[in-house]
């Protein structure tokens, strides 16, 4: 609840996305409030309308234009980049204002519990033949063949972003950028949801985790790659036990189960 006695926007968005809420009976409490409060019920319906407008504005074909990462199966198989076709959003800020976002928690050295820190956040949208959805936060999101991912973020005041993925075999792949140092975060509202300008397809089979690092200083891509591999080795190859990367950044993660 906020100070007005109504549900906060983040609570409404998390409830719509099926994200666990804090506190015993929190979901039941929110649902009971929605049933009794016409104002909050109307705001929840407005979020449904926002999502429908987003999906109408950004069709699957336009969502899916972007980067494809292909790999042959096997732990030692090299991963190759397919030539990219980027579809840059001229109205990205407008579309971002419409999209449903779910903030999932940064990993910290001392706690693994979900929490919100500094207003920063990340969301991953999945698009395929069945439509669009927000990737779940409580377990690995199952992917169907050909489904693509779109990474969104809230900077929370951080100035730089870097994203990479690591699969169950320990292969680390830089996503944004592919080399060099972290991308500068565009100027704008710290809590505005922005989407990186192309989509990613995770091909092959098995588990793969996407890691997004929001930082105040640029991070070298190769340093991030080495840190991710060191974390993988520390976890004994178990992505579910992957520790926080030893880097000066706020870290967000999402795990996917590839078909």
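Bear in mind that the values in this text are calculations on the coordinates, not laboratory data. Note that the coordinates shown come from a computational prediction; the quantities given were computed from them, not determined experimentally. FYI the Cβ positions are ideal-geometry reconstructions off the backbone, even for glycines, and counts take in every protein chain you see.
List of remarks:
- Annotation for residue 35 and residue 179: the two label points, set 7 Å from Cα along the Cα-Cβ direction, are 6.0 nm apart.
- The distance between label points at residue 220 and residue 257 comes to 3.9 nm (points 7 Å beyond Cα on the Cα→Cβ vector).
- Among 124, 172, sorting on how many other beta-carbon atoms sit within 10 Å of each Cβ, with the fewest leading, yields 172, 124.
- Distance (nanometres) between label positions extended 7 Å along Cα→Cβ at residue 235 and residue 48: 3.7 nm
- Once the Cα-Cα distance is subtracted from the 0.36 nm per residue extended length, the residue 6 to residue 187 segment shows a gain of 62.0 nm.
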